[in-house]
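The values are calculated or read from the model by the stated rules, or taken from the named source; none is laboratory data. These figures come from a predicted structure and were not determined experimentally. Neighbour counts are summed over all protein chains in view; Cβ atoms, including those assigned to glycine, are modelled from backbone coordinates with ideal geometry.
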Amino acid sequence: LTFNTLKMIIFKKAEDISRFIREKSVAANIIGFVPTMGALHAGHVSLVDMSKHTDALTVGSIFVNPTQFNDKKDFDKYPSTIEKDIDMLEKAGCDLLFLPGLTEIYPGGTKTETHYDLGYLETILEGKYRPGHFQGVCQVVDRLLDIVQPGRLYLGKKDYQQCMVLKKMTAIKYPNTAIIIAPTMREPDGLAMSSRNMRLNEEERKLAVKISSALSFIKKETRKGYLEDIKERAKQYLVAEGLKVDYVEIANASTLEPVENNNGNTPLVALIAAFVNDVRLIDNMLL
Ligand code: PAF
């Protein structure tokens, strides 16, 4: 069974897209959902491709969610390329696009009583440096999943911690939605694709690649034993190149707990967040 709408149908109202999906009697287990904040790149397209392979109906969304931005300037400067995005999604074969305004997502306003219990995950790395960020991510994804009711939710591995947070949130609230994590897409020199890369000028773009170079360095150097020195060298390398580092961490790949002493048996992930001037970029690599 394939849905085959030929042209992508765009919905602006939550009620309309929900009703459309219900009236077509599309079972949840054949609906794939790709939520985005627009400014799309090949990484997003790869998520749509994955869904097209598996699901009868592929639903995308574009909504720049204000509640997940802890920094107002970052929100104001978030790139927007809506015409191009629509074109890319349609060419990728996305069937339905949900393009809501603020009041569709937050009919009662953005302040919410709901607190998502994310525990330890929210206290470290992105959670620590971007207070409230993951509450905002859960808030919007909760609302979107409630509207779309997909069987599969597609996310990119570049946002490693976000994938873990959303696994935790959906395990309780949406047990019928599986999370599918797609590999990070990289530019030929190694830079992880990100919407924020659009904000980099030529010079900054050259600096941005140092983040993935630092991760490759960590991957190459990681041995059994203490890891502090490797982390410190990666950090110093980035600082010497002129980046402002929020963190360079090596963590247990399944819990994100920092690992100081590598026993050689635990799967590890290295994670970096750093600013190139005022553009904050993140990336990670399994070791
Ligand atoms: O990863 C993103 O683009 C966003 O955090 C998401 C999942 C679309 C929620 O706004």
How many residues does segment 184-203 contain that are more than 12 Å from the ligand (Cβ to nearest atom), part of a loop (DSSP other than H, G, I, E, B) and of a type in the set (Gly, Ala, Ser)?
1
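Within segment 50-66, take every residue that is more than 14 Å from the ligand (Cβ to nearest atom) and closer than 12 Å to Asp95 by Cα and give me the one that is surrounded by the most Cβ atoms within 10 Å (Cβ to Cβ). Explain how you work it out, then say what you get.
So in segment 50-66, the residues more than 14 Å from the ligand (Cβ to nearest atom) come out as 50-58.
Now restrict to residues that are closer than 12 Å to Asp95 by Cα: 51-52, 55-58.
On the way: Ser51: 28, Lys52: 19, Asp55: 23, Ala56: 19, Leu57: 25, Thr58: 31.
Filtering segment 50-66 for residues that are more than 14 Å from the ligand (Cβ to nearest atom) and closer than 12 Å to Asp95 by Cα, the one surrounded by the most Cβ atoms within 10 Å (Cβ to Cβ) comes out as Thr58.
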Can you tell me which condition Pro188 does not meet? The list is (1) over 19 Å from Ile250 (Cβ atoms); (2) surrounded by fewer than 19 Cβ atoms within 10 Å (Cβ to Cβ); (3) in contact with a helix residue (DSSP H, G or I) (Cβ under 8 Å, 6 or more places away or on another chain), and all the others hold.
(3)
Pull up segment 8-44, narrow it to residues that are more than 16 Å from the ligand (Cβ to nearest atom) and aromatic (Phe, Trp, Tyr), then point me to the one that is modelled with the lowest pLDDT.
Phe20
When only residues in segment 153-183 that are under 18 Å from Ser51 (Cα atoms) and more than 14 Å from the ligand (Cβ to nearest atom) count, which is surrounded by the most Cβ atoms within 10 Å (Cβ to Cβ)?
Ala178
Could you give every pair whose Cβ atoms fall below 9 Å, whose first residue belongs to segment 143-156 and is under 27 Å from Lys111 (Cβ atoms) and without any contact (Cβ under 8 Å) to a residue 12 or more places away in the chain, and whose second residue is more than 10 Å from the ligand (Cβ to nearest atom) and part of a helix (DSSP H, G or I), counting only separations of at least 6 or pairs across chains?
Asp146/Ala14; Asp146/Ser18; Asp146/Lys173
In segment 259-274, the residues that are part of a strand (DSSP E or B) and over 14 Å from Glu126 (Cβ atoms)
Asn261, Asn262, Leu268, Ala270
May I ask you to verify whether Ser25 is small (Gly, Ala, Ser), over 14 Å from Ser195 (Cα atoms) and either in contact (Cβ under 8 Å) with a residue 12 or more places away in the chain or buried (at least 17 other Cβ atoms within 10 Å of the Cβ) (or both)?
no
